[in-house]
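What follows is a set of notes on a single structure, which appears directly below.
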Amino acid sequence: MKIISSVLSLILLSSAVLFTGCATKSKRPTPDQTVLGPNGLNPTNINTTDQSAAGLQSRLPDGVIDDGHLIHGLLPSVYFDLDQSAIKSGERSKLADAVKYLKENPTKKLLLEGHCDWRGTDEYNLSLGDRRARGVKNYLVKAGVEADRLETLSKGSLESIKNGTAEQMDHDRRVDLDVKKDGADAMAPAGGS
């Protein structure tokens, strides 16, 4: 009997607490009590510029990667035929875009990374990647870019897709035009010139 009365007392006490807590409904604020005020939001008086964000960079376009030292993909890569370092006529417009970019951004420098597909020895591919990067550099210098704003680096077949398809190998035979970030010049890759 004591157990039944204890359980019944507990149920009654719980019910009383439950119903007392829910007895009043919260009152919604009137419009003049809100942050927006009685007239609502007026979009013409909104300051959209945060002064503390003045030094932040703008967002990069899709496909462009900023690794802290280099900006990859801002300028298009230049592609080459198999076992060739000569710049194809169809690729020269990309280099004209690079010249224009460098003229519009006189403090920027480029790292020209030469790449090859997986075929050939490592030594041969490093040499071919170097010839490709130097060929692009020579072209840009003849187009009016100062030589000290251009640095070359050969990656050979280090980043190529082994046993890749013809399309993948076409993509591997290239020179990437990477923009060096201001202040990153002290972090230049070893062996570049």
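Remarks
- Scope region 161-178; condition over 15 Å from R92 (Cα atoms) and either out of contact with any helix residue (DSSP H, G or I) (no Cβ under 9 Å at 6 or more places or on another chain) or buried (at least 20 other Cβ atoms within 10 Å of the Cβ) (or both); matching residues: K162, N163, T165, A166, E167, Q168, M169, D170, H171, D172, R173, D178
- Scanning region 132-144 for residues that are crowded, with 17+ Cβ neighbours inside 10 Å and basic (K, R) returns R132, R134, K137.
- Condition met for G55 (at pLDDT below 95 and surrounded by 10 or more Cβ atoms within 10 Å (Cβ to Cβ)): no
- Condition check for A147: more than 22 Å from K181 (Cα to Cα) and surrounded by fewer than 12 Cβ atoms within 10 Å (Cβ to Cβ): no
- Matching residues, region 59-113, being surrounded by 12 or more Cβ atoms within 10 Å (Cβ to Cβ), within 13 Å of the chain's Cα centre (by Cα) and over 18 Å from R174 (Cβ atoms): L60, D66, H69
Each row is one residue, and each column tells you yes or no for (1) at pLDDT below 70; (2) of a type outside the set (G, A, S); (3) on the phi < 0 side of the Ramachandran plot.
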position: S6; (1), (2), (3): no, no, yes
position: I11; (1), (2), (3): no, yes, yes
position: G37; (1), (2), (3): yes, no, no
position: P43; (1), (2), (3): yes, yes, yes
position: H72; (1), (2), (3): no, yes, yes
position: I87; (1), (2), (3): no, yes, yes
position: S93; (1), (2), (3): no, no, yes
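The values are calculated or read from the model by the stated rules, or taken from the named source; none is laboratory data. What you see is a predicted model; the values in this text were computed from it and never measured. Please note: Cβ atoms are built from the backbone with ideal geometry, for glycine as well, and neighbour counts cover all protein chains shown.
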